[in-house]
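S.K.: Below: one structure in structure tokens.
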Amino acid sequence: MAALNNILKSITQKNPHEAEYHQAVEEVFESILPVLKKNKTFVDEKLFERICEPERVISFRVCWTDDQGKVQVNKGFRVQMNSALGPYKGGLRFHPSVNQSILKFLAFEQIFKNALTGLPLGAGKGGADFDPKGKSDGEVMRFCQAWMMEAYRHIGHFTDIPAGDIGVGEREIGYLFGTYKKIRNEFQGVLTGKGTDWGGSYLRPEATGYGLIHFAHFMLTEVDDNLGNKTCLVSGAGNVSQFAMEKLLQEGAKVVAFSDSTGFVHDPEGMTEEKLSHLKTVKNGERKSISAFADKYASATFTAKGNKNIWSIPADCAFPCATQNELDVADAKTLRKNGLMLLAEGANMPCTPEAINYFQKSKVLYGPGKASNAGGVAVSGLEMTQNRMGRYWAKIDLEKELRAIMKNIHEKCLETIDKHHLEEQDYLNAANIGAFEKVAKAMLAQGTV
Ligand code: NDP
Ligand code: 2IT
């Protein structure tokens, strides 16, 4: 036991000042400790130590010129985390907070998430500390070109396939793709989340948000319940959040609040298709704060970021879809007191460990992001296949496929719960253990490389 605990200590000591990375690693370690205790080969072969060490971290300078003709310098990264199951795969984040710790935590999460999809996907993550907010289209384009001028030599459709994440959507993927194509003189599926006229999947924009709600649906089905008429909170107002809200409306749920980095909107009358379409215009077209949304509807009130947050609103279900550690244990207690019965993560690691612990103990159904937000990367995997085949799949077929993948992830979690005698609905430990075993076995089979 002491020797096993030293594994974790040594990993955190070897990676100082990486709080988010430690948090992600600790969570998985706690889940798989009972598995390590029973599996001497995993311990002797140092599978956990190996899985925690990125295969490669590329860190580079990104220089570009702003609209005033001034030179700007940013930090660019690509963490090539694990290629046991397939080529490195995972998103790019452009946000001023980006650093190595955040990208390593995201790349680490991606290993397990991608394994759960059942598709041949390794794991990676990348991005830059660039803030797209307030930048002109020209500035964003020049930044993307500069990022790719270095990254192109490290990626490729059989090597490493980036996609979107916070601050990277179809516009950024377009500029990145165009630059890669120009340098390589090759039209290949090196990125996913492309526009649908130039190789993109018809369902990739919707996939994470839709997949999340499918997963919540399966969690509720397990306890003979459904999303109909459930009052829901969906944090964020970006890609994942928007399509989670869209699917919730289709399921007959009532979305009463959402948020962004400026605050939250509470609308007791609930979201409608028309309101959601306006929200998409405000966020994707005008790129404004959600306060502009609230200005238009009498029933909606905007509360600026401060002491109160979205989790103070009573609801049956909560879907954090903004960013890491956006929900702490005080929020968890407030939500529970107000009647919360399910929380499923659209964002990566949005709940603090104490919040998760509280949800598990107080019998709130808890869907961990690795399982519940895997729909996005899964449809990215389908986009890769589609590109290699040189064809498109119809949206209706992709919708069926996404639902089947989310159902399969849910079933795999239940199987792992059974196999490892976990508590009922312990999706957290099930997702971590099921995915770890799969990747560890693949690494073992491939030898010490
Ligand atoms: P977007 O950039 O489209 O949207 C992010 C949203 O979260 C925005 O509304 C943004 O506010 C808000 N936000 C970002 N940072 C903060 C912060 N520090 N505090 C408060 N609000 C914040 O990103 P996505 O929707 O793509 O990603 C959201 C989450 O989902 C991330 O955790 C991401 O890793 C995860 N994820 C994304 C997938 C995808 O396919 N895109 C797949 C799986 C997980 P504002 O608009 O004001 O900037
Ligand atoms: O966190 C994630 O899974 C993503 N940002 C999507 C990754 C992808 O390759 O589609």
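Derivation of every value follows stated rules applied to the coordinates shown; laboratory data play no part. Because the structure is predicted, anything quoted here is derived from the model rather than measured. Every residue, glycine as well, gets a Cβ built from its backbone with ideal geometry; the counts of neighbours run over all protein chains shown.
S.K.: Quick one: what pairs do we get from the stretch 10-28, first residue closer than 9 Å to LYS104 by Cβ, second assigned to a helix (DSSP H, G or I) and not hydrophobic (A, V, I, L, M, F, W, C), C-beta under 7 Å, 6+ apart or different chains?
M.R.: Correct list of pairs: ASN15/TYR21; GLU18/GLN100; GLU18/SER101; GLU18/LYS104; GLU20/SER101; TYR21/SER101; TYR21/LYS104; ALA24/GLU109.
S.K.: Being part of a helix (DSSP H, G or I) and touching a Pro at 6+ places or on another chain (Cβ under 9 Å), is that true of even one residue in the stretch 216-239?
M.R.: yes
S.K.: What number of residues within the stretch 195-232 satisfy the criterion of being farther than 30 Å from TRP311 by Cβ and touching a Ser or Thr at 6+ places or on another chain (Cβ under 8 Å)?
M.R.: 3
S.K.: Within the stretch 327-348, track down each residue that is away from ligand 2 (no atom under 15 Å from the Cβ) and under 23 Å from the mean Cα position of the chain (by Cα).
M.R.: LEU327, ASP328, VAL329, ASP331, ALA332, LEU335, LEU340, MET341, LEU342, LEU343
S.K.: Kindly indicate the residue of the stretch 132-176 that is assigned to a loop (DSSP other than H, G, I, E, B) and in contact with a helix residue (DSSP H, G or I) (Cβ under 8 Å, 6 or more places away or on another chain) and also surrounded by the most Cβ atoms within 10 Å (Cβ to Cβ) among those meeting that condition.
M.R.: For the stretch 132-176, the residue satisfying everything is GLY164.
S.K.: Which ones in the stretch 339-362 are closer than 27 Å to TYR210 by Cβ and away from ligand 1 (no atom under 16 Å from the Cβ)?
M.R.: Scanning the stretch 339-362 gives GLY339, LEU340, MET341, LEU342, PHE359, GLN360.
S.K.: Then there's this: Of LYS247, LYS194, which residue is farther than 15 Å from LEU343 by Cα, part of a helix (DSSP H, G or I) and charged (D, E, K, R)?
M.R.: LYS247
S.K.: Cβ-Cβ below 9 Å, separation at least six or inter-chain, first residue in the stretch 252-270 and in contact (Cβ under 8 Å) with a residue 40 or more places away in the chain and at positive phi, second assigned to a strand (DSSP E or B) and surrounded by fewer than 18 Cβ atoms within 10 Å (Cβ to Cβ): which pairs?
M.R.: Short answer, once both residue conditions are applied: GLY263/ALA304.
S.K.: A follow-up question, please. Looking at (1) in contact with a Lys or Arg (Cβ under 7 Å, 6 or more places away or on another chain); (2) within 13 Å of ligand 1 (Cβ to nearest atom), which is the only condition HIS278 fails?
M.R.: For HIS278, the exception is condition (2).
S.K.: Would you pick out the residues in the stretch 306-326 that are over 23 Å from the mean Cα position of the chain (by Cα) and farther than 11 Å from ALA257 by Cβ?
M.R.: Listed by number, the residues that qualify are GLY306, ASN307, LYS308.
S.K.: If we keep just the residues of the stretch 122-146 that are within 15 Å of ligand 2 (Cβ to nearest atom) and touching a Leu at 6+ places or on another chain (Cβ under 6 Å), which is farthest from GLY178 (Cα to Cα)? If you could, list the steps in order and put the result at the bottom.
M.R.: Taking the stretch 122-146 as the starting set, the residues that turn out to be within 15 Å of ligand 2 (Cβ to nearest atom) are 122-128.
Of the ones still in play, those that are also touching a Leu at 6+ places or on another chain (Cβ under 6 Å) are 122, 125-127.
Values: GLY122: 24, LYS125: 20, GLY126: 18, GLY127: 17 Å.
Among residues in the stretch 122-146 that are within 15 Å of ligand 2 (Cβ to nearest atom) and touching a Leu at 6+ places or on another chain (Cβ under 6 Å), the one farthest from GLY178 (Cα to Cα) is GLY122.
S.K.: Among the candidates THR303, THR281, single out the residue that is away from ligand 2 (no atom under 16 Å from the Cβ), buried (at least 16 other Cβ atoms within 10 Å of the Cβ) and free of Cβ contacts under 8 Å to residues at least 60 places away in the same chain.
M.R.: That would be THR303, the only listed residue that is away from ligand 2 (no atom under 16 Å from the Cβ), buried (at least 16 other Cβ atoms within 10 Å of the Cβ) and free of Cβ contacts under 8 Å to residues at least 60 places away in the same chain.
S.K.: From the list GLU399, GLU383, pick out the single residue that is touching a residue at least 40 places away in the same chain (Cβ under 8 Å), part of a helix (DSSP H, G or I), touching a helix residue (DSSP H, G or I) at 6+ places or on another chain (Cβ under 8 Å) and surrounded by fewer than 19 Cβ atoms within 10 Å (Cβ to Cβ).
M.R.: GLU399
S.K.: Among (1) more than 16 Å from ligand 2 (Cβ to nearest atom); (2) buried (at least 22 other Cβ atoms within 10 Å of the Cβ); (3) closer than 30 Å to SER97 by Cβ, where does LEU276 come up short?
M.R.: Here LEU276 meets the rest and fails (2).
S.K.: Also, I was wondering about something else. Might you let me know whether the stretch 74-92 holds any residue that is farther than 25 Å from MET384 by Cα and more than 18 Å from the chain's Cα centre (by Cα)?
M.R.: Within the stretch 74-92 (the criterion being farther than 25 Å from MET384 by Cα and more than 18 Å from the chain's Cα centre (by Cα)), the answer is yes, since at least one residue qualifies.
S.K.: Name the helices (runs of 4 or more DSSP H) wholly inside the stretch 252-341 in which the number of residues that are among the hydrophobic types (A, V, I, L, M, F, W, C) and more than 24 Å from ALA374 (Cβ to Cβ) is 2 or more. Step through it out loud before you land on a result.
M.R.: Details: elements: 273-280, 291-294, 329-337.
Of the helices (runs of 4 or more DSSP H) lying wholly inside the stretch 252-341, those with at least 2 residues that are among the hydrophobic types (A, V, I, L, M, F, W, C) and more than 24 Å from ALA374 (Cβ to Cβ) span 291-294, 329-337.
S.K.: Name the one entry in GLY199, GLY228, GLY174 that is in contact with a Gly (Cβ under 7 Å, 6 or more places away or on another chain), within 19 Å of LEU343 (Cβ to Cβ) and more than 13 Å from ligand 2 (Cβ to nearest atom).
M.R.: Going through GLY199, GLY228, GLY174 in turn, the sole match is GLY228.
S.K.: Given the criterion touching a Cys at 6+ places or on another chain (Cβ under 6 Å) and more than 16 Å from ligand 2 (Cβ to nearest atom), identify the matching residue among VAL57, VAL73.
M.R.: From the options VAL57, VAL73, the qualifying one is VAL73.
S.K.: Take the conditions under 22 Å from the mean Cα position of the chain (by Cα) and surrounded by fewer than 23 Cβ atoms within 10 Å (Cβ to Cβ) and apply them to GLN446. Does it pass?
M.R.: No.
S.K.: From the list PHE112, PHE77, PHE105, pick out the single residue that is in contact (Cβ under 8 Å) with a residue 24 or more places away in the chain, of a type in the set (Phe, Trp, Tyr) and in contact with an Asp or Glu (Cβ under 7 Å, 6 or more places away or on another chain). Steps first, answer last, please.
M.R.: On the way: PHE112 fails: in contact with an Asp or Glu (Cβ under 7 Å, 6 or more places away or on another chain); PHE77 fails: in contact with an Asp or Glu (Cβ under 7 Å, 6 or more places away or on another chain).
Residue meeting the stated conditions: PHE105.
S.K.: Let me ask something else. In the stretch 93-121, which residues are within 12 Å of ligand 2 (Cβ to nearest atom), hydrophobic (A, V, I, L, M, F, W, C) and either touching a His at 6+ places or on another chain (Cβ under 7 Å) or assigned to a loop (DSSP other than H, G, I, E, B) (or both)?
M.R.: Hits for the stretch 93-121 are LEU119, LEU121.
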